[in-house]
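Computed from the coordinates by the stated procedures, all read-outs in this text should not be read as laboratory data. Model, not experiment: these values are computed from the prediction. Here Cβ is always computed from backbone atoms with ideal geometry, including for glycine, and neighbour counts include all displayed protein chains.
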């Protein structure tokens, strides 16, 4: 949940990780990156600036997902939480490589963790990362097929 008035959870020597990444794009929100999506702005000028800032952040999110291994990780996590070793088997990469990708996704707050003894399980932080990946895959189908699979009726159902 996005809230106002809470300090950012991930710190670097430069301060909050997200603020460090986006310090130029987030001048109004640097102290607290998180804000209510439905919050009201006091002036039109501030709203336009925030819209520009959200566009910049959206670009960074797309950059985070611009890696085939990360897309495969998001797809694997759509059904629930998994360990690094299980994810590594599913995406066909070494556990060390998957762990590095998960660390980046975690810093971007796209995945969260649960610890059980000395094992760590990862899951999607919310449904939005999966929705972005699914939308990208649907768009990719449009570029290679005249009638993409997601537009076809399920097998056994008559066409309208």
Worksheet item: Per residue, how much space in cubic angstrom lies within the convex hull of the C-alpha atoms of the range 68-149?
Response: 95
Worksheet, complete the sentence: If the chain between residue 59 and residue 136 were fully extended at 0.36 nm per residue, the gain over the current Cα-Cα distance would be 26.3 nm
Worksheet item: If each of residue 119 and residue 152 carries a label point 7 Å out from its Cα toward its Cβ, how far apart are those two points in nm?
Response: 3.8
Discussion item. Would the range 113-152 count as rounded, prolate or oblate if I go by the C-alpha gyration tensor, calling it rounded below 1.5 in a/c and otherwise prolate when a/b exceeds b/c, oblate otherwise?
Written reply: prolate
